[in-house]
Amino acid sequence: MPSDSNHDSGNHDGKTPVTVLGLGLMGTALATALIEAGHPTTVWNRTKSKTGPLAAQGATPADTARDAITAAGLVIVCLTTNDDVRGLLAPEADALAGRTVVNLTNGTPRQARELADWAAAHGVTYIDGGIMAVPQMIATPGAYILYSGTDEAAFETHRPALAALADTKWVGKDPGLAALYDLSLLTGMYGMSMGVAQAFAMIRSEGIPAREFAPLLTDWIVAMTHGLVPSGAEALDSDQHLTDVSNLAMNREAFRNFTTAFTEQGLRTDLFEPLQDLLDRAVEQGHGADGFSRMSLLLEKD
Ligand code: FVH
């Protein structure tokens, strides 16, 4: 069955009727962007009061999820978890049949693939998405959303409406890929965020304000990222980990200074202890002359 075959999914002067299910911080930002871009927008939320401000901006509030679903060929869903999504959509499978669901809820590749299988079994076109933005960034430059799903043509059909939310990045026909890219990007971000938290704790241990230190830290992270990420990727993909820059044996010894200094400065060492363990393991397994690309291999399960 072609996508959106039994209802009005059409393009009205470039504007597409869209439904948004879930009006938390992110769902509200998404719906606002659609309204501002002129797309006829129907909204539904479990807690009905959240539809009020959007209705005032021009959205059509729906009393039930089913009413919202039947209002548009493109149904965007953004709830807390994919279990919530499954719980909401499963009873509405018949109403969803022939429509396109774009699920922007954060989840795992396995969850996305299972939802895609469920959707396919019920005649629903399923596109999974990963939002690389916070709500305040929606519809601003720099924000983008990753998409994947078996029906790339359906994605292309709806791309103009989705582009109102953020730049669109299609990553492939495996429905799990958007979540894979999303979580991989967030993995890098959370590692960096925790490092920043530890760095601020360290500088504050001597009474230096974080804001005074922030420009140095920013420049340092940017410079290191530009070096580390491309060279690490190249080393991994070519399986050539030897380095003449900064090897693991040196880093293992240097690392001991961190946990020692944290203790001396009255800080906890919990965050860095597992990192020290990993470096110890790398060197004990004979990888002391390698660079950090080796660590990705050590993070794979034996
Ligand atoms: N906010 C952010 O910065 C991040 C950016 C990247 C993407 N994430 C993901 O987006 C999903 C939603 O996040 P959110 O920030 O909108 O979250 P909340 O403000 O907490 O809103 C949650 C909405 O989900 C509804 N909901 C929860 N459980 C159910 C359910 N079982 N049935 C129906 N709706 C449900 C909730 O409804 P209510 O509590 O207002 O009645 C909210 O509408 C999330 O995956 C992030 O990881 C956001």
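Computed quantities for the displayed model
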quantity	calculated
Options Ser231, Thr105, Val283, ranked by Cα towards positive dipole end of the chain, top entry (Cβ charges)	Thr105
Residue list for the range 53-91, given a label point 7 angstrom along the Cα-to-Cβ vector of Trp170 and an amide N cut-off under 18 Å	74-75
All lysines inside 17 Å of Lys173 as judged from Cα atoms, apart from same-chain residues fewer than 8 positions distant	none
For the range 163-289, the Rg and Dmax computed from alpha carbons only, in angstrom	18.0, 52
Relative packing of peptides 256-266, 95-105 - highest average C-beta neighbours within 10 Å first	95-105, 256-266
Per-selection Rg to Rh, the range 18-174 - Cα, Kirkwood hydrodynamic radius	0.92
About the Cα centre, charge dipole magnitude for the chain (Lys/Arg +1, Asp/Glu -1 at Cβ), debye	780
Candidate aspartates and glutamates for bridging to Lys15, where Cα separation is under 15 Å - those fewer than 8 sequence places away on the same chain excluded	Glu36, Glu156
Using alpha-carbon coordinates, inclination of helix 210-238 to the longest axis of the chain, degrees	90
Accessible surface of the chain, 1.4 Å probe, proportion on carbon and sulfur as whole %	57
Rounded to whole Hz, the Karplus (6.51, -1.76, 1.60) HN-Hα couplings of the range 37-48, x for glycine and proline	7, x, 7, x, 10, 9, 10, 9, 9, 4, 8, 4
Within the range 159-221, trypsin sites (Lys or Arg not before Pro) in DSSP loop having at most 13 other beta-carbon neighbours inside 10 Å	Lys173
Length-normalised contact order for the chain - Cα pairs under 8 Å, 6+ apart - percent	12
Charge dipole of the chain about the Cα centre (unit charges at C-beta), most positive-ward option of Gly27, His158, Phe213	Gly27
Coil-residue trypsin sites (Lys or Arg not before Pro) of the range 14-93, DSSP, other Cβ within 10 Å capped at 16	Arg46
Theoretical ellipticity at 222 nm over the chain - DSSP helices of four or more residues, -39500 (n - 2.57) apiece, nearest 500	-15500 deg cm²/dmol
Shape parameters for the chain, alpha-carbon atoms, Rg then Dmax in Å	23.5, 68
Most fluctuating residue given options Val124, Val196, Val77, as computed from a GNM of the chain linking Cα atoms under 10 Å	Val196
Angle between the chain longest axis and helix 152-162 axis [Cα atoms, degrees, rounded to 10]	90
For Val43, residues with placed amide H under 5 Å, excluding near neighbours	Val20, Thr60, Ala62
Cα gyration tensor category, rounded, prolate or oblate, for the range 15-86 with a/c compared to 1.5	rounded
Percent antiparallel among DSSP beta bridges (both partners in the range 11-99, rounded to 5)	10
Using θ = phi - 60° and Karplus 6.51 cos²θ - 1.76 cosθ + 1.60, couplings along the range 255-266 (whole Hz; Gly, Pro as x)	4, 4, 4, 5, 5, 5, 5, 4, 4, 4, 8, x
Where the range 203-276 is the region considered: accessible area per residue in Å², 1.4 Å probe	73
For the range 79-162, the Rg and Dmax computed from alpha carbons only, in angstrom	12.9, 37
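The values are calculated or read from the model by the stated rules, or taken from the named source; none is laboratory data. Remember, predicted model here, so these are calculated numbers, not experimental data. Ideal geometry is used to build each Cβ from the backbone, glycine not excepted, and the neighbour counts take in all protein chains shown. The area values use the complete protein model at the heavy-atom level, side chains included, leaving out ligands, DNA and RNA. Shrake-Rupley method; radii C 1.70, N 1.55, O 1.52, S 1.80 Å.
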